[in-house]
Amino acid sequence: MNEYDVILLVEQPFTQTDAVNVRSLHEEIEEPVRYHVLLPVEDASGRVESAMGSLATGEVLAPPAVATANTDLEGLHKELLDTCRAGVETTVKALEAAGGRADGEPVTTDPISALVAKVAEVDAREVIILTRPHVVSEFFHVDWTSRARRKLGVPVLHLLEHENFDEQAGEGEGISGF
């Protein structure tokens, strides 16, 4: 029997609630479901985007960390990669604890390019992108979900991490205040 492959592009490691929510989406599928987790390694551009999004929502945060000439860039990269690997492992374990089969990998390139490659590699049936809300990038349709929908020929679902489905009701694609 063939597997039903689902690619999960996640911005941060899953909680158990995230895993249960994702698993609940595939309860009725007869084929064995396999999740492939992609978690991008944190980078400076992500920190800048987060800071911009926070400013847009009125939150005040400390300025993003910026590497200086005295910073051990190799050590910092290794630390970020190790943190990402641990996040992938946490997410895979959460999915398995929720009854799923999963594997995962850190992403060190453009997340959408990695997503497109993984969809082709495993012949994925669907993609689920889990992020925090990103007001600025979503408004301009340059967020991961918008970019993925333009490049993929499979369904792409965008969910908010660390929120159950009831908390997400009324938010998301197709809802407009205009």
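Remarks
- Each pair of Cα atoms in region 1-45 enters the Kirkwood radius, and Stokes-Einstein at 25 °C and 0.890 mPa s then converts it into a translational diffusion coefficient of 204 µm²/s.
- Extension gain for Gln16-Tyr4 works out to 2.2 nm (0.36 nm per residue, less the C-alpha to C-alpha distance).
- Estimated from the Cβ-Cβ distance and a Förster radius of 30 angstrom, the FRET efficiency linking Asp123 and Leu76 is about 0.25.
Since every read-out is calculated from the coordinates, none of them should be taken as a lab result. Everything quoted here is computed from the prediction, not taken from an experiment. Using ideal geometry, Cβ is built from the backbone for each residue, glycine included, and neighbour counts are taken over all protein chains shown.
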